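What follows is one structure encoded as structure tokens, with my remarks underneath.
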Amino acid sequence: TQGLVQSVNWKVNSTTWISLGLAEISAMAQAVSNHVQQCFTAEYLLTQQVQSATSIEQVQSINYLV
């Protein structure tokens, strides 16, 4: 929570604004952090599969939609 603002004005749509408190900001930050880590983990695992492949067929059989 260090460095996070205590509240922010958040635009919901073109006419609606809400105020988010530290709890909501923290939850959003955690969700973003989790998403980014999952992306890097998926990239790492796919990279390992590509690098260990010894044929075109093995590369073509990799499921890239993880």
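Could you please give the count of residues in region 30-60 that are farther than 27 Å from Leu4 by Cβ and either at pLDDT below 95 or assigned to a helix (DSSP H, G or I) (or both)?
Matching residues across region 30-60 total 16.
Among the residues of region 32-49, those identified as open to solvent by 60 Å² or more (accessible area, probe 1.4 Å) and either among the aliphatic types (A, V, I, L, M) or closer than 17 Å to Ser61 by Cβ (or both) are Val32, Val36, Leu45, Gln48, Gln49. For beta carbons closer than 6 Å, sequence separation of 6+ or different chains, a first residue in region 25-48 that is of a type in the set (A, V, I, L, M, F, W, C) and a second that is surrounded by 10 or more Cβ atoms within 10 Å (Cβ to Cβ) and not in a helix (DSSP H, G or I), the qualifying pairs are Ile25/Leu4; Ala42/Val66. Residues in region 12-29 that are open to solvent by less than 70 Å² (accessible area, probe 1.4 Å), out of contact with any strand residue (DSSP E or B) (no Cβ under 8 Å at 6 or more places or on another chain) and closer than 18 Å to Gln2 by Cβ: Ser26, Ala27, Ala29. If you go through region 4-50, how many residues are closer than 30 Å to Tyr64 by Cα and in contact with a helix residue (DSSP H, G or I) (Cβ under 7 Å, 6 or more places away or on another chain)? Counting residues in region 4-50 that are closer than 30 Å to Tyr64 by Cα and in contact with a helix residue (DSSP H, G or I) (Cβ under 7 Å, 6 or more places away or on another chain) gives 1.
The values are calculated or read from the model by the stated rules, or taken from the named source; none is laboratory data. Note that the structure is a prediction, hence the values are computed from the model and not measured. Here the Cβ is made from the backbone with ideal geometry for all residues, glycine too, and neighbour counts use every protein chain on show. Side chains included, ligands, DNA and RNA excluded: accessible areas come from the protein's heavy atoms. Shrake-Rupley method; radii C 1.70, N 1.55, O 1.52, S 1.80 Å.
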